[in-house]
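Trainee: Got a structure here, written out as structure tokens. Questions coming.
Taken together, the values in this text are just the output of simple stated rules run on the coordinates, not laboratory data. From a predicted model like this one, the values you see are computed outputs, not experimental measurements. Glycine gets a Cβ as well: all are built from the backbone with ideal geometry, and neighbour counts include every protein chain shown.
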Amino acid sequence: MSSDQLQPDIYSLPVSPPNFDRVGTFYVAFCATWTFLLFLGMAFLVANRHNPILKVRGIGLTLTAIGFLHVYWILAQITYPIGLTMPIIAAYSVQYFFMGIWFPLGVATFHASNTRFLYVAKMQKRYMGSSGCQKKPGCNGADTSWFCRLGNMDYPTRILIYIGLASIVQVLLTVGMYLACSKYHPSFGIARTGLPDGPLDAQILELGRGWEWWPTALWQVIWTWIIAPIMIWKAWGIRDTLGWRFQTIGCCLSNLHATPLWLISMYVPAFAPVNKYFSSSEWIHLSVTMFEIFTVFVPCWLVVKHHSLRKRAAESNAKWNTTSQTTLRASTTGEWKSASQLEKGLTTIDLLDLEMGDRLFTMNALDHVLNENPGPLQEFSALRDFSGENIAFLTRVAAWKASWPEAASEDQIRDAFTRALIIYTSFISLRDAEFPLNLSSQDLKRLESIFERPARILCGEARVDPATPFAAEDAEKRQGRSGDEWIELSEMAGRIQYAGEISDAFDVTVFDSAQKHIKYLVLTNTWPKFVTEIRDRRPSSESGRSDGTGESNSSLASRISNLISSLF
């Protein structure tokens, strides 16, 4: 029988009614139930998007990727019950375009959201040293190349541009190969790309495999067997408290089986009985299911767990701070030793002793560590909790307030404003800070009214050289347009000094509200994790100690001070 006689049969093959047997009913019920639970989980994440566990993740990109992947997942689940209700050529064409365009876009977006983990972990290391407005020398907007300007963009924007460019290439390649392959449209296409002679079943099998599918297979291999192992290797040494490493590694591992089993199920005849009920693409969608578990349901569980820990910290602080306002003081009998590594810091901070009970979850205990030796907590927050900006801000503001002169001269006020401006651009400004602090809109607007205009001179929008942002155009002054106001930035005494107009609202208390807010966030987020992890590392034989409720507040403070002084 010739190909001309066979092709009209398959292209005019009549459609079949829905197949709602037990298997088909299961697929529909499972699809509806899982989709409902997934949407509930996504809604929960959106509602809690300001939670530190989710905010640092940038869940917008992740949920977008999950949305793309889940649409394709739904189509796979309903293939068995209703797939034959549409013409077979149309059904395979839909599968081809989803596999060639929709699925790659979803996976690319998903892996882009995963790479943010490595980016955040790398950027948080900056808080182990100095912070400030980070600009690349030589890249100054329109005056430099497009490649340089691309490097100056923030990470999410840059990733989206890469995805957009790759998606355009993928769309052109997929559409071009579809038009060239005449098996989907026998009236046109490249010669000898149609269906081969043979039985109807063999021709249907050929619709799901062939050269036009290999770019998609290659693309999947690159992501799952090249990019994913690299991400696993880079993420292996990171130990975060947010479950982000677990999520990233789990997603990468759960996707390794997809492409090999997809190819085996299509080309190995022994899989034919399985393919009847579990289509070849289901091996890919099994990994999509795991993606959804790791990126939606696991973070939901972590948020619930985090709420419980925050509640405990808040209740403990309220209990002990209402019964005592004693401030923990530093011991004068010893000096702190440096703790350059996180592991050393965690091992030596035995001030988090079980005998002190929940008193360690109080603001007094946190203040004591911040005032005397914030190093281990700073290291923990940056490398483990990815909230290093909070501790760095608190220590910088404390040092800034401590240096405020009692009877300040005009030059001293300008020096204090300059240092405050650097704090603002490093930690608060939405335009300049890598990880802006999570402040209320009221506090943010008040600080913007004081610092934003001078900050634009510091970090952009004033046509300054990013390498020397405070240098004046004529070595004397730079003009900033606000009526007849002039703003000058000059270098005095070997350091930067702001010489423009200072807001009347600026004084030593300018950061007080933000400082109080961030300190409470640390108390209810980073601090309880820090305390809990130290306690978990202690020998179990010490778990029987009392909670120290009979000790006086002053003796407790003295005891903690002596412990710290003897250990550091």
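Trainee: Ranked highest first by the average count of other Cβ atoms within 10 Å around their residues, in what order do 257-269, 49-61 fall?
Mentor: 49-61, 257-269
Trainee: Can you list the residues, at least 5 places off or on another chain, whose amide H is less than 5 Å from the amide H of TYR498, using H built in the peptide plane?
Mentor: It is THR418, by chain and number.
Trainee: What distance in nm separates the two pseudo spin-label positions at VAL175 and ASP536, each 7 Å out from Cα along the beta-carbon direction?
Mentor: 5.1
Trainee: Only counting other Cβ atoms within 10 Å, I'd like SER449, SER113 sorted with the fewest neighbours first.
Mentor: Ascending number of Cβ neighbours within 10 Å: SER449, SER113.
Trainee: Right, next: Given the pairs LYS183/LYS234; LYS234/LYS401; LYS122/LYS519; LYS125/LYS401; LYS125/LYS319; LYS234/LYS319, which span a C-alpha to C-alpha distance of over 32 angstrom in this model?
Mentor: Pairs exceeding 32 Å: LYS183/LYS234; LYS234/LYS401; LYS125/LYS319; LYS234/LYS319.
Trainee: Here is a follow-up. Could you let me know the centre-to-centre spacing of region 278-293 and region 157-236, using Cα atoms, in angstrom?
Mentor: For region 278-293 versus region 157-236, the Cα centre distance is 18 Å.
Trainee: For q = 0.19 Å⁻¹, what log10 I(q)/I(0) does region 217-321 give under the Debye formula with an equal point scatterer on each alpha carbon and no solvent?
Mentor: Reported log10 I(q)/I(0), two decimals: -0.96.
Trainee: If we sort 429-441, 183-195, 70-82, 96-108 on the protection proxy, mean other Cβ atoms within 10 Å, highest first, what's the order?
Mentor: Per-residue mean Cβ counts within 10 Å order the peptides as 96-108, 70-82, 429-441, 183-195.
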